[in-house]
């Protein structure tokens with residue numbers, strides 16, 4: 001819409017520029033008439049010899065001024081007023097050249113009135129009409145020397161009345177047309193159901209923000225909001241009641257936001273808020289405030305919803321200097337929203353990237369980091385589950401490490417191990433990775449190679465700690481010694497690897513897979529308890545369950 005407005009305004013400016021040039025050329029008619037009349041010498045004697053030269057110089061100056069204003073200073077008010085004054089003086093000079101109060105060219109002022117009324121509206125048009133009328137009538141009264149009734153004054157009263165009439169008609173038309181266009185634009189940008197801005201306006205606003213601040217000098221944050229279990233609500237009460245809920249939620253979001261915030265309905269049950277000049281820390285506070293107000297609000301029929309309440313999940317993202325387009329910015333917020341929905345809903349999640357977590361790991365000349373990024377990207381392209389699974393496992397490990405109060409070095413090793421534990425799957429056939437059938441023995445043997453393959457890949461990076469390599473290599477070992485690849489048992493398994501194993505298995509149980517229906521958290525906790533002492537370290541299982549249950 002904004003680009004369309006700019007294109008339309010350019011066409012209008014071009015039209016106005018052409019009209020002004022044509023009107024200016026018309027003003028030269030009295031000058032040519034002056035030079036080719038029999039009374040040229042008489043008229044010449046009444047004016048300074050420099051007047052024709054000055055007149056032509058002024059016309060040339062005005063043409064240049066209009067050209068500059070039209071190209072560079074379209075919205076410069078000073079240039080606009082200078083232009084009007086110069087145009088008025090040119091018309092006045094042309095009028096004096098053509099006989100003053102006796103001139104037949106008094107209607108030249110109509111060009112000014114029409115052009116400036118069309119371009120700037122009735123108010124400016126009426127001012128131009130007033131000045132033009134005063135000029136003509138004053139000329140009639142001052143320059144007419146005969147006794148009796150002044151016929152020029154009488155006829156020019158009708159002319160000046162026409163000036164006002166033209167200004168009013170053109171101005172009224174421009175006003176009505178502007179209001180109509182404004183209403184159409186408003187309807188095009190507003191979501192009919194909620195009264196918020198719509199999906200199209202959301203994208204256009206961000207595009208303009210990025211374009212106006214290419215160096216990212218001002219912070220921009222965005223949150224994406226999704227109503228939890230809204231499909232279930234619609235199934236219970238019907239879509240009309242669901243629409244009422246959407247309007248209520250839109251009202252709560254709007255009442256929880258500031259005037260400068262840009263609130264949009266993204267589509268379906270999703271909403272977005274753009275926070276100009278706000279960093280992600282502040283945006284998280286705003287998002288939590290909205291989430292809490294929705295949670296406290298009493299909605300019709302909420303008692304039949306999970307947790308007996310209607311809740312929302314929110315993803316938060318802040319613009320980074322590395323952003324190359326709006327799409328990446330929104331995608332990060334969408335990824336954060338997905339995490340919030342996955343991690344038990346009714347929560348706010350900030351976007352964190354797999355790659356950003358490596359910022360404090362000094363890998364030689366970034367070559368190793370580039371290799372890691374390339375490998376993870378390839379794995380993602382072949383099996384998106386592995387990539388999203390990795391990110392979730394990292395989050396579980398971070399929560400687990402914080403609960404156990406691990407030192408910074410141990411936490412870093414656990415997190416890096418979580419990021420890299422499945423990187424060896426790049427050597428596994430894509431058909432096996434995405435298969436929804438039971439694997440054959442040969443296929444399963446190929447899958448079981450990935451811990452060693454992962455360890456071999458990262459072991460070639462000299463800056464990677466050997467303990468991280470061990471964590472990755474041992475993350476499929478079992479506490480009772482029945483795991484792979486080495487059949488290690490009990491405390492012979494790296495402790496951080498035992499923690500990774502629990503986090504890895506928990507996510508595998510709670511995520512949708514083609515061959516397995518996901519478990520809810522309670523069922524997954526029960527499965528972890530059942531496998532205490534066999535697959536998992538019994539002491540760590542209890543601590544993991546407590547950490548996830550209380551801290552998420």
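The values are calculated or read from the model by the stated rules, or taken from the named source; none is laboratory data. Computed from a predicted structure; not experimentally measured. Methodologically, a virtual Cβ is constructed for each residue, glycine included, from the backbone with ideal geometry; neighbour enumeration extends over all protein chains shown.
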Can you tell me which of 207, 183 is in the same structural domain as residue 253 (by TED's automatic domain parsing), surrounded by fewer than 17 Cβ atoms within 10 Å (Cβ to Cβ), within 31 Å of the chain's Cα centre (by Cα) and assigned to a helix (DSSP H, G or I)? 207
Which listed residue, of 152, 164, is in a helix (DSSP H, G or I) and modelled with pLDDT under 90: 152
What about residue 517, is it out of contact with any helix residue (DSSP H, G or I) (no Cβ under 7 Å at 6 or more places or on another chain), assigned by TED's automatic domain parsing to the domain that holds residue 401 and more than 25 Å from residue 446 (Cα to Cα)? no
Residue count, the stretch 307-349, condition part of a loop (DSSP other than H, G, I, E, B), farther than 15 Å from residue 272 by Cβ and under 15 Å from the mean Cα position of the chain (by Cα), comes to 5
